[in-house]
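J.: Can you read through this structure? Questions will come right after.
The values are calculated or read from the model by the stated rules, or taken from the named source; none is laboratory data. Values in this document were obtained by computation on a predicted structure and should not be read as measured data. With ideal geometry, Cβ positions are generated from the backbone for all residues, glycine too; neighbour counts draw on all protein chains shown. Calculation scope for accessible area: heavy atoms of the full protein, side chains included, ligands and nucleic acids excluded. Shrake-Rupley method; radii C 1.70, N 1.55, O 1.52, S 1.80 Å.
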Amino acid sequence: MHEMGIASSVLEAVKTEMQRYPESYPCKVGLRIGEMSAFDPDALRFCFEAMIRDTDWAALELAIEFCPRRHHCHACDHEFIVRDYDFRCPQCANFAINCVSGDQLELAYLEVEEYGPGTVGAKSTQ
Amino acid sequence: MDRVPLERKVLSENDRIAADLRARFLEHGVLCLNLISSPGSGKTSLLERTLEALPRQDRVAVLTGDIQTENDANRLKRFHFPVKQITTGGTCHLDARMIERHLADWRLQDLDLLFVENVGNLVCPSSYDLGEAAKIVVLSVTEGEDKPLKYPSIFFKSDLLVLNKIDLLPYVPFDINAAAENARKVHPGMEIVKVSSLTGAGLHEWITWLEAKRKAHKSLVETAS
Ligand SMILES: Nc1nc2c(ncn2[C@@H]2O[C@H](COP(=O)(O)OP(=O)(O)OP(=O)(O)O)[C@@H](O)[C@H]2O)c(=O)[nH]1
Ligand SMILES: [Mg+2]
Ligand SMILES: [Zn+2]
């Protein structure tokens, strides 16, 4: 189980990024997890939520985009989602083993919001 | 509300160190192989048989990872090659920084082949690049032929499947052809060798694969330099 380590890496990355936005707080972080990445989105979410509970960022949302395995067919240049380990190109029936997506674990984006006058937990700005 | 793109890998720090290791391995002509399996599939046993078979003058070393104990290093030290234990103290996989740290007092120019035995675990080690030239997954015949389908990531990312403990085939209902088929479902064309690290059966197939890999790596190193 290494989802805890991953959750903390994600929070680390958010922390680093937030240094560029001192007047804002993070509301959502977007992650891409591939089908072949060996990461369990639910376990990751569980760890992430446990780590932010009772902190200033307790409302920080984790948005996970699950990426299926995709192969590219050299014969006809078609890209398709692999289902049930069937690697035949749906367009030309060629056997396509070139995997182009599906093992990622990537930080996609961060959504930040400026602290308003009434924001809970807002930092005082001089 | 503003959306800022991040577009980077979560494990970018690990990947950076791994890339650095890979460049150093290439520079010094070291073939690094990362052995991964469930606990007890026979990684250390396979390495014992391998070290036993290699000529004494071969420039081979082993880093072996476990959560606790020096047991595996002690088993492997009998063969007079340099061996170092990495105890992770709880972490379920090796990462690139651990490799970097444990290589610090070895001279890479004195090595041609480096085996890394990962922590026994079929899931987590698959996510951590160690700078290796290839991952090798070991599956023993008592584990069930469906494992490639249950743990696709490691079978997908490994160059070779070593099916170990074939001496036990008469005693377990393990369909070795189905296991190979399942591995190749996840990883089309995957290379497979069938061995017993106990009796030595099939070991020549593994050594042949290893020597071919060493040869290919050598010519890669030569073209790179
Ligand atoms: N019958 C049989 N037993 C084997 C074979 N290979 C290993 N074993 C036994 O399986 C057990 C585990 O082997 P190890 O080599 O320690 O396995 P490992 O993968 O290194 O284990 P960890 O490092 O703890 O993950 C030992 O009792 C070995 O003697 C084999 O080919 N046949
Ligand atoms: Mg071992
Ligand atoms: Zn096609």
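J.: Looking at the protein assembly as shown only, what percent of DSSP beta bridges run antiparallel? Nearest 5 please.
T.: Working: 23 of 59 bridges.
The antiparallel fraction comes to roughly 40 percent.
J.: In Å, the Kirkwood hydrodynamic radius of the protein assembly as shown over pairs of distinct alpha carbons?
T.: 22.3
J.: Taking the range B:1-110, which trypsin sites (Lys or Arg not before Pro) meet the DSSP loop condition and have no more than 15 other C-beta atoms within 10 Å? Walk me through the numbers before you get to the answer.
T.: Working: sites: B:R3, B:R8, B:K9, B:R16, B:R22, B:R24, B:K43, B:R49, B:R56, B:R59, B:R75, B:K77, B:R78, B:K84, B:R97, B:R101, B:R107; in loops: B:R56, B:R59, B:R78, B:R107.
Passing both the DSSP loop test and the Cβ count: B:R56, B:R59, B:R78, B:R107.
J.: Residues with beta-carbon under 9 Å from that of B:T44, excluding B:T44: net charge, scoring Lys, Arg +1 and Asp, Glu -1? Write out the running numbers ahead of the final one.
T.: Working: positive: B:K43, B:R75; negative: B:E48, B:D72, B:E117.
Summing Lys and Arg as +1 and Asp and Glu as -1 gives -1.
J.: May I ask you to list the residues of the range B:173-206 whose amide nitrogen lies under 14 Å from a point 7 Å from Cα along the Cα→beta-carbon direction of B:D146?
T.: Those under the cut-off are B:174-175, B:179, B:182.
J.: What residues qualify as long-range amide H neighbours of A:L60, i.e. H under 5 Å apart, gap of 5 or more or another chain, H built at 1.01 Å from N?
T.: Distant-sequence amide H within range of A:L60: zero hits.
J.: Right, here's the next one. What is the pair-distance distribution P(r) of the range B:3-224, computed from all Cα-Cα distances in 10 Å bins starting at 0, with each bin given as a whole percent?
T.: Percent of pairs per bin, in order: 8, 33, 38, 17, 3, 1, 0.
J.: Place +1 on the Cβ of every Lys and Arg and -1 on the Cβ of every Asp and Glu in the protein assembly as shown, take the dipole about the Cα centre, and give the residue among A:L31, B:F115, A:H71 whose Cα lies farthest towards its positive end.
T.: Looking along the dipole axis, the top candidate is B:F115.
J.: How much accessible area per residue does the range B:3-224 have, counting only protein heavy atoms and a probe of 1.4 Å, in square angstrom?
T.: Working: 9550 Å² over 222 residues.
Here the residues of the range B:3-224 average 43 Å² of exposed surface.
J.: Still on this structure, please answer the following. B:K194: which lysines have alpha carbons under 28 Å from its alpha carbon, excluding same-chain residues fewer than 8 sequence positions away?
T.: List returned: B:K43, B:K77, B:K84, B:K135, B:K147, B:K150, B:K157, B:K165, B:K185, B:K213, B:K215, B:K218.
J.: Could you check the simple spin-label distance between A:C27 and A:I97, using points 7 Å along Cα→Cβ, in nm with one decimal?
T.: 4.8
J.: Separate question: Are there residues in the range B:10-27 whose accessible area shrinks by at least 20 Å² when all protein chains are included rather than the chain by itself, and which are they (probe 1.4 Å, ligands and nucleic acids not counted)?
T.: In the range B:10-27, residues shielded by partner chains: B:V10, B:L11.
J.: Go through B:L26, B:S37, B:V4 and say which Cα lies farthest out towards the positive end of the charge dipole of the range B:1-51; charges sit on Cβ, +1 for Lys and Arg, -1 for Asp and Glu.
T.: The residue sitting most towards the positive pole is B:S37.
J.: Something else: In percent, what relative contact order does the range A:27-126 have, based on Cα pairs under 8 Å that are 6 or more apart in sequence? Walk me through the numbers before you get to the answer.
T.: Values: 160 pairs, mean separation 37.5, N = 100.
In percent, rounded to a whole number, it is 38.
J.: Another question, then. Which one, A:F46, A:C89, A:Y115, is farthest towards the positive end of the dipole of the range A:36-126 when Lys and Arg carry +1 and Asp and Glu -1 on their Cβ?
T.: The one lying farthest along the dipole's positive direction is A:C89.
J.: Please state the shape class of chain A: rounded when a/c is under 1.5, otherwise prolate if a/b exceeds b/c and oblate if not, all from the C-alpha gyration tensor. List each step's numbers first, then the result.
T.: On the way: a/c = 3.91, a/b = 2.49, b/c = 1.57.
Prolate.
J.: Moving on. Expressed as an acute angle from 0 to 90° and rounded to the nearest 10, what is the orientation of the C-alpha long axis of helix A:41-52 relative to the principal long axis of chain A?
T.: With both axes taken from Cα atoms, the answer is about 10 degrees.
J.: Now, a different point. Give the long-range amide H neighbours of B:S37: residues separated by 5 or more places, or on another chain, with amide H under 5 Å away, using H modelled in the peptide plane at 1.01 Å from N.
T.: Under 5 Å from the amide H of B:S37 lie the amide H atoms of B:N121, B:V138, each far enough along the sequence or on another chain.
J.: What residues qualify as long-range amide H neighbours of B:I86, i.e. H under 5 Å apart, gap of 5 or more or another chain, H built at 1.01 Å from N?
T.: Here B:T64, B:G65, B:D66 satisfy the definition.
J.: Okay, next question. For the interface of chains B and A, what total accessible area is buried with a 1.4 Å probe, rounded to the nearest 100 Å²?
T.: Its buried surface, counting both partners, is about 2600 Å².
J.: Spelling out what I want: for every residue of the range B:73-79, take phi, set θ = phi - 60°, compute 6.51 cos²θ - 1.76 cosθ + 1.60 (Karplus), and round to whole Hz; glycine and proline get x.
T.: Per-residue couplings from phi come out as 4, 5, 5, 7, 5, 4, 9 Hz.
J.: What is the angle, in °, between the Cα long axis of helix A:3-18 and the longest principal axis of the Cα atoms in chain A? Nearest 10 is fine, range 0 to 90.
T.: Here the helix axis deviates by roughly 60 degrees.
J.: Let's test the formula: R0 of 41 Å, r as the Cβ-Cβ distance of B:T223 and A:A59. What FRET efficiency results, to the nearest 0.05?
T.: Rounded to the nearest 0.05, the efficiency is 0.15.
J.: Normalised by the residues of chain B, what does the relative contact order come to in percent, with Cα pairs under 8 Å and at least six apart? Don't jump to the answer; show the numbers that get you there.
T.: Values: 403 pairs, mean separation 53.0, N = 225.
For chain B, the relative contact order is 24 percent.
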